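For reference, the structure discussed in these notes is given below.
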Amino acid sequence: QVQLVESGGGLVQPGGSLRLSCAASGSISSIFTMGWYRQSPGEQREREFVASITNKGRTNYADSVQDRFTISRDDVKNTEYLQMNSLKPEDTAVYYCYGEILVPGSALLRNYWGQGAQVTVSS
């Protein structure tokens with residue numbers, strides 16, 4: 001059983017910073033790409049891509065967060081991080097982490113998701 005557990009969300013003023021963490025645990029052979037999506041408040045809002053990082057360290061960011069957010073990972077701890085700086089009210093959302101994970105005995109990669117962490121940017 002694989003679980004991804006997020007932490008670090010909260011309320012911050014515009015211009016402030018937060019750091020989200022996402023720890024994967026359970027029976028894991030390998031973790032390939034890890035990343036973050038977010039879902040803003042309001043009905044029928046789709047979950048939007050924020051950032052990702054491969055097991056080779058290659059990163060990718062949405063245009064809206066480029067140069068403000070930084071994704072990183074610690075493969076010893078099976079944990080990824082999202083450092084968010086210069087936060088804006090429009091960054092307010094529930095942030096979901098994911099990981100492409102291979103479990104023992106399986107040849108199939110599967111995406112596992114965290115439970116979501118609320119980030120609110122408001123004065």
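The values are calculated or read from the model by the stated rules, or taken from the named source; none is laboratory data. As the structure is a computational prediction, the values presented were derived from the model and not from experiment. With ideal geometry, Cβ positions are generated from the backbone for all residues, glycine too; neighbour counts draw on all protein chains shown. For the accessible areas, the whole protein counts, side chains as well, though only heavy atoms, and no ligand, DNA or RNA atoms are used. Shrake-Rupley method; radii C 1.70, N 1.55, O 1.52, S 1.80 Å.
First select every other residue whose beta carbon is under 13 angstrom from the beta carbon of Pro14; then total the charges, Lys and Arg +1, Asp and Glu -1.
0
Beta-bridge orientation, the chain: approximately 95 percent antiparallel, per DSSP, counting only bridges with both partners inside.
With the charge dipole of the stretch 17-123 set up from +1 on Lys and Arg Cβ and -1 on Asp and Glu Cβ about the Cα centre, the Cα lying farthest toward the positive end among the listed residues Asn85, Ser40, Ser27 is that of Ser27.
Peptides 74-81, 90-97 ranked from most to least packed by the mean count of surrounding Cβ atoms within 10 Å: 90-97, 74-81. Annotation: amide H-H contacts under 5 Å for Gly16 (H modelled 1.01 Å from N, sequence separation of 5 or more, or interchain): Leu87. Shown for the stretch 1-119 is the translational diffusion coefficient from the Stokes-Einstein equation, using the Kirkwood radius over Cα pairs, a temperature of 10 °C and a viscosity of 1.306 mPa s: 109 µm²/s. With coordinates expressed along the principal axes, the C-alpha atoms belonging to the stretch 72-123 extend over 50, 19, 12 Å, beginning with the largest. Surface exposure of the chain, expressed per residue as accessible area with a 1.4 Å probe, stands at 55 Å².
The string of couplings for the stretch 14-26 from the Karplus curve (6.51, -1.76, 1.60, θ = phi - 60°) is x, x, x, 10, 9, 10, 9, 10, 9, 9, 9, 9, x Hz, one whole number per residue in order, with x for Gly and Pro. Computed from backbone phi, the HN-Hα couplings of the stretch 88-100 come to 10, x, 6, 7, 4, 4, 8, 9, 10, 9, 8, x, 8 Hz, rounded to whole numbers (Karplus: 6.51 cos²θ - 1.76 cosθ + 1.60, θ = phi - 60°; Gly and Pro given as x).
Sequentially through the stretch 63-78, phi angles give Karplus couplings (6.51, -1.76, 1.60; θ = phi - 60°) of 4, 5, 10, 3, 6, 10, 10, 9, 9, 8, 8, 10, 6, 6, 8, 6 Hz, Gly and Pro residues having no value and appearing as x.
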